[in-house]
Each structure stands twice: as C-alpha cells, then as structure tokens.
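A short write-up of the structure that comes next.
Bear in mind these aren't lab numbers, they're just calculated from the coordinates by the rules spelled out. Because the structure is a prediction, the values reported are computed rather than measured. Don't worry about glycine lacking a Cβ; one is built from the backbone with ideal geometry, like all the others, and counts go over all protein chains shown.
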Amino acid sequence: MAYACICHFFFVPLHPILKISTFYITIKTIAIMKLKSLLLALLACLFTLTSCEKKESEDKKMIEFTSLPTKIQQMVAEYFPTLQVAAALRDKSSRDDAYEVIFTDGTQLEFSRKCDLTKVLCISFPVPEDLLPNPVRDYLTIHFPENYVTEWSKDDSRWEAKLNNGLELIFDKNYQFVGLDD
C-alpha cells in the first residue's frame, strides 16, 4: 500500500517498502553524483599541476655560480658587483641550453647557450646603461629623459625595453624604434 506526503507543495509517492520520498532519494543521489564529479575534476587538476611542476623542475637545474661559463661570471662581476647571487640555473627546456642568474633582491639575468645576454630584469634600480646598445640609449635620452629601463629583453626578431613608467618600447634587431607594446 503506497502512501503520499506533501513535499514542496507536491504530492510525491512514498517508496512502498522504505516509506520515504522517492523525490528525496533522487535529489540526494544527484547531489552525491555532483560531489563525486567535482572531486574527480579536482583530482585531475591536482595531478596535472603536479606533472607540470615536475617537468619544469626537470628542465631547470640549480648549479653553482662557479659552474657558469666564465663570460657570464665576468658580466655579473662587472655590472652587478654589489648584488649577491641567490641562484644560478641551467635551463634545458629550450632548443639550446640557457642560463639564468637570480640575485637576492629579485634581479634576474637570462643568457643564451652562447652566453649572450637575452634578458635583464632589475627590481630596485635601473638596468645598467652600458648593457643597452648605443642607439637605444640615445633614443631613450632624447624621448624619455626622465625615465629609466627596468627590463631589457631580446627575442629572435626584436628587443623590448620596459620603462619605470610602465611603457614597453619595441626596437627591431637593428635597434630602430618600432613602436609601443600594449
């Protein structure tokens, strides 16, 4: 014999044996399924992030500063003599090996496999002017005399200079000004 109860203003039949609302069982089952799906999604994200972190750490290997090529050591000694090296890394993720030097104040230097400087990021002071090519230095002196470079980077086809006012200037490989980066 089936009974009925009023649940949310609807007549919902009771389960004939358990004497509970089938509506309640359906809602509870859906909630449990959603919770299981959410947990599975979170676990999948966790495993993905863990595998990415592991890959990155395998690509970048901490090395002793004295293990860096001599050219890099000399550049650090010449242009950043007062800074303390926090870490030296060898990066094997790119086509060629690359090197990175991180100082205790957050300043970072990146070098190509051939030990050419590809990026300078200075946190607490301007990029040393001697690291900038003369045409770029001249352009900045004329057009931005009140500002200084906080980041200088190079890729295959262009150079970028980020100023302390937030502007990012783009130069071609011949150091001619091309425009502003958004």
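Numbers below:
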{"item": "Cut-off 14 Å between beta-carbons: net charge of the residues surrounding residue 123, Lys and Arg +1, Asp and Glu -1", "result": "0"}
{"item": "Cα-Cα pairs of segment 102-145 separated by more than 16 Å (percent)", "result": "49"}
{"item": "Net +/- balance of residues flanking residue 162 in space, Cβ distance below 11 Å, scoring K and R +1, D and E -1", "result": "-3"}
{"item": "Semi-axis lengths, Å, segment 111-182, gyration tensor of Cα atoms, sqrt of 5 times eigenvalues", "result": "18, 15, 11"}
